[in-house]
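As structure tokens, the structure follows; a few thoughts come after it.
The values are calculated or read from the model by the stated rules, or taken from the named source; none is laboratory data. Bear in mind the structure is a predicted one, so any value in this text is a computation, not a measurement. Here the Cβ positions follow ideal geometry from the backbone for every residue, glycine too, while neighbour counts run over all protein chains shown.
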Amino acid sequence: MCNEGKQMKYNIPFKTGQEINYISEAISKNNFQANGPFTKRVKAFFETRFQMGHVYLMHSCTTALEMAAILINAKAGDEVIMPAYTYVSTANAFALRGCKIVFVDVDSNFNIDLDAVEHAITNKTIAIVPVHYCGLSCDMDRLMDLANSHGIYVIEDAAQCIDAKYKDNFLGSIGHIGCISFHETKNIQCGEGGALIINDHSLLEYTDQLVDKGTNRKAFLKGQIQCYTWQTLGSSPLISEISAAFLLSQLESIDHVTQHRLALHNIYLSILGSIEEVICMDVPDYNTFNGHFFYILCQSAMGRTDLMNYLHDHQIQSLSHYEPLHQSVAGHNYGSFRGDDINTTKGAHRILRLPIYCQLTANDVTYICNTIKEFYHGK
Ligand SMILES: *Cc1c(COP(=O)(O)O)cnc(C)c1O
């Protein structure tokens, strides 16, 4: 098997080729600021395709998480529970408000461990932030029951989850608030972009003011008041029509994106599943997967480095992932780990992510799998 010297990157951003047409149309409409016609079309798409009725398009998922922290009035002294295995944005959003970050262990799928969450809740806990790693989730029914019984918010870091479900509901639509990313490394992208999904309707009135610099401009635009004024703390997180146009063209290709990724995922599983030395990622029965990552677990950190180097020599880029946040400088300053670190550090040392993106072909994935086989079993 030969790949003709082709370099296989870990990721190449998705492009539809139609972005430029929508951007031209957006320019011709002379409405560049937020909430124009393309933003409305993206919102309508979210409503019909994902049953998400209250979506705010933002500069990034990081911004959406920061807005979520403001919306729930997170403040100094409050505790926020999240997995130690996540991206820095999840923790930053709440640390910026002065909260104490309570890191807990993950399960074997790198999702927040619900037994650990149960033990970590105190009377200072204001929110739990499940991070749906790879587009897969924890048992959301159990998490919602737990949070609701304590009167605690659930904010889903659904950054990686576009088009992925828990049972019948799309991830991001289950907690009180959901946050999705359209960064160029995600399945659907607009360079930098994100969405804030408001599922707890009691938060809507404040959200409308928060995203419009803390003013009642929405009522002004509807002609309900003569002028708009400063009502509360706010910011300016919404994207322009140029980004919304780019994003709409991407979203309209969502079926192709998800199907292609899942087809590659299945090839990985069918070939690598028979290699004893590695463990392939596992999709829980309750999830409908979006193929965001494909990863394997190597036997040790050293074994992983050897495999990465071997793949690199065969022009294949593979990646580890997060350094556990409780072991970072800021993690020490703004939080601490509660409970036992059974899976987090061990998993972080063993995970290896393999290339998966729309431009990658079935032959490419077969070549990658065979190269891994060769590494363990020789030619
Ligand atoms: C990508 C990602 C983010 C950040 O998203 P941006 O849109 O780049 O701000 C946050 N959390 C997780 C889990 C992510 O994967």
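If you take the residues in the stretch 163-195 that are without any contact (Cβ under 8 Å) to a residue 40 or more places away in the chain and away from the ligand (no atom under 12 Å from the Cβ), which one is surrounded by the fewest Cβ atoms within 10 Å (Cβ to Cβ)?
Asp168
Quick one: would you say Asp285 is in a loop (DSSP other than H, G, I, E, B), within 30 Å of Val257 (Cβ to Cβ) and of a type in the set (Asp, Glu)?
yes
Out of the stretch 343-363, which residues are free of Cβ contacts under 8 Å to residues at least 40 places away in the same chain and not in a helix (DSSP H, G or I)?
Once the filter is applied, which keeps residues that are free of Cβ contacts under 8 Å to residues at least 40 places away in the same chain and not in a helix (DSSP H, G or I), the stretch 343-363 yields only Thr361.
Looking only at the stretch 172-206, count how many residues are in a loop (DSSP other than H, G, I, E, B), closer than 22 Å to Ile239 by Cα and of a type outside the set (D, E, K, R).
12
Of all the residues that make up the stretch 5-44, how many are in contact with a strand residue (DSSP E or B) (Cβ under 9 Å, 6 or more places away or on another chain), in a helix (DSSP H, G or I) and not hydroxyl-bearing (Ser, Thr, Tyr)?
2
Identify all residues within the stretch 1-54 that are surrounded by 17 or more Cβ atoms within 10 Å (Cβ to Cβ), over 23 Å from the mean Cα position of the chain (by Cα) and either among the hydroxyl-bearing types (Ser, Thr, Tyr) or within 30 Å of Lys373 (Cβ to Cβ) (or both); write none if there are none.
Within the stretch 1-54, Asn3, Met8, Tyr22 meet the criteria.
Is there any pair linking a residue in the stretch 309-332 that is in contact (Cβ under 8 Å) with a residue 12 or more places away in the chain and on the phi > 0 side of the Ramachandran plot to one that is in a loop (DSSP other than H, G, I, E, B) and not charged (D, E, K, R), with Cβ under 9 Å and at least six apart or on different chains, and which?
Gln315/Asn3; Gln315/Gly5; Gln315/Gln7
Could you check, for the stretch 130-142, whether at least one of its residues is surrounded by fewer than 20 Cβ atoms within 10 Å (Cβ to Cβ) and not acidic (Asp, Glu)?
yes
Is the stretch 92-115 home to any residue that is surrounded by 24 or more Cβ atoms within 10 Å (Cβ to Cβ), outside any loop (DSSP other than H, G, I, E, B), away from the ligand (no atom under 16 Å from the Cβ) and at pLDDT 95 or above?
There is at least one residue in the stretch 92-115 that is surrounded by 24 or more Cβ atoms within 10 Å (Cβ to Cβ), outside any loop (DSSP other than H, G, I, E, B), away from the ligand (no atom under 16 Å from the Cβ) and at pLDDT 95 or above.
So the check is Cβ under 8 Å with 6+ separation or different chains; which pairs have a first residue in the stretch 100-117 that's free of Cβ contacts under 8 Å to residues at least 40 places away in the same chain and a second one that's part of a loop (DSSP other than H, G, I, E, B) and among the small types (Gly, Ala, Ser)?
Qualifying pairs under 8 Å: Asn111/Ser137.
Is it the case that Thr288 is modelled with pLDDT of 95 or more, at negative phi and more than 18 Å from the chain's Cα centre (by Cα)?
No.
Inspect the stretch 47-55 for any residue being assigned to a helix (DSSP H, G or I) and touching a residue at least 60 places away in the same chain (Cβ under 8 Å) and give the result as yes or no.
yes
Of the residues Ile155, Ile81, which single one is closer than 30 Å to Glu241 by Cβ, of a type in the set (Val, Ile, Thr) and within 16 Å of the ligand (Cβ to nearest atom)?
Ile155
Which pairs have Cβ atoms under 6 Å, sit 6 or more apart or on different chains, and link a residue in the stretch 364-379 that is farther than 13 Å from Leu307 by Cβ to one that is surrounded by fewer than 19 Cβ atoms within 10 Å (Cβ to Cβ) and modelled with pLDDT under 95?
Tyr367/Met1; Tyr367/Asn3; Asn370/Met1
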